[in-house]
Each structure stands twice: as C-alpha cells, then as structure tokens.
Amino acid sequence: GLWATLGTRPARVQAPVPPPAGRAPALRPPPACSLPHAALWLLILARYGGAAGRALLRLARSCPPPARDAPCCRLGRFCALRPLGRNLIRNPCGQEGLRQWMVQHGGDGWVVEENTRAVPGAPSQTCFVTSFRWCSKKQILDLEEEGLWPELLDSGGIEICVSDWWGARHDCGCRYQLHVQLLDANQAVLDKFSAAPAPVQQWNNNAYFNVSHVFSSIQPGVRFVSFEHWGQDTQFWAGHYGARVTNSSVIVRVRPTP
C-alpha cells in the first residue's frame, strides 16, 4: 500500500483534510506544514478521488521536493494552496476594478462594465473595456509562490492551459491581441503563444470569442507565466468603445497520459 511504497509510517498526527472542490483554497499553509514527513502529505494527496487524483499522486511520488525542504514542507504548501486545476489569474473579470493587473492606458484608458452578453463559466458577468488607442494589461504569475515546486514543474508531467474571452460593442468594431510567455527564474522567455484575430467590424452581434492554448511540452526551468492582452476600437471614438475582455485564465494541470 501507500506506506510500503513510502517507507516508515509516521507518528499518528491529525492531518488537515483538503477543502472540497469549488471552495476557495487556503491562502496560507496550515501549521501542520512543519511536519517532517512528506509521507503525510502524500497520504492527503491520495484522498483526491478519481483518475485525476491518482495521476496527481503518481506524479508527486515520481518527483518529490528535496528532503531538505522540511520543516517548510512544499508538499504541505501544495496541499494548502491547491494550485492544480484552479485559475491562477486574479480578478479575471474586473470584479475588483483594475486591481492585480499591470495596466497601460491608451486613449481614455481601461474601465470595467457589465457584459453585453453572458460569458459561460465566468465568476462575474463584468468585463474590462478598452478605448480608441491600444490599451494593455498584464499579470506575471510566480508558479512557486502558487504552490508548485521546481521538480514538479520540470517533470514533464504538467501542462499549462491559457484562455481569454473578448468581443466588441454592436455599434463599434475592435482589435484584440493576446500574448502569453513562459519564463525562467530570470524571466527569460522559454516558450510563448500569441493570438491576433481579425478585427471585429462595426455593427456586429455583440458576440464574445474565446482564445485558448495549451502548453503541453513544458521545458525544464519554467517558473513564471506572463499573461498580457491588448485592445482598442476601430472607429477612434472618444470614450470606451474598444475590445471587451473577460474571464482570463491560466490553469496548471496534470498532463494526460496517452
């Protein structure tokens, strides 16, 4: 069983149970993170059900953090922060205004408005709206701060999925671009993805479009993700008639096995 694989059974300790799926993850590792036994945290991982949980446990066993990590156990931090399968982008729909984003204002700058059409799965039906000059905003995600450890990131067993939703007002066209980069510890670019769809024309149907990409072959050394999008209108009208962007996401997950 699990203990036969891991070695000596640790002393009996009351282990924290991971929160149910869908509940907001804890922001800090629990006090039990100071326990010296990574085996305890692997046992907690074993409680994740289904094929995804079994795949995660196999991956964690194959590339555990180094033993020197005790007493600040990275497996414990991982169990507390639950970085796999959740959106690492903060404030993806503008529900907190422009907080968490590094912003460049063009024209009359960015604002937040209600969606003109519902975006499926969005945590808030609000969006960021651009102006008559190019506006951009960016987040740089520190994957280790999110709870992942270098050996796991370098294992070849994970993939990074990015997604963004964008659209135009019905009475004004827009332009949009997405640029995502995987960066090393010095923030040098190791891989990248860009999308620059054809502009939406004036007098459209208010539709939102989805842009997505999966980085499925992660090079060793990836430690950060830079997520940046741009937008402007096509009529050069004063105010906020440009691209509307929302429900941005960066999700790390276990890479499916063939």
(message) Give me a comma-separated list of calculated 3J(HN,Hα) values for the stretch 221-233, in order, Karplus coefficients 6.51, -1.76, 1.60 applied at θ = phi - 60°, integers in Hz, x for any Gly or Pro.
(response) x, 5, 10, 9, 10, 9, 10, 9, 10, 10, x, 6, 8
(request) Return a whole-number percent for the relative contact order of the stretch 56-167, with Cα pairs under 8 Å and 6 or more residues apart as the contact set. (result) 31 percent
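Quick note: the coordinates plus some simple rules give every number you see, no bench work behind them. This is a predicted model, so every value here is computed, not measured.
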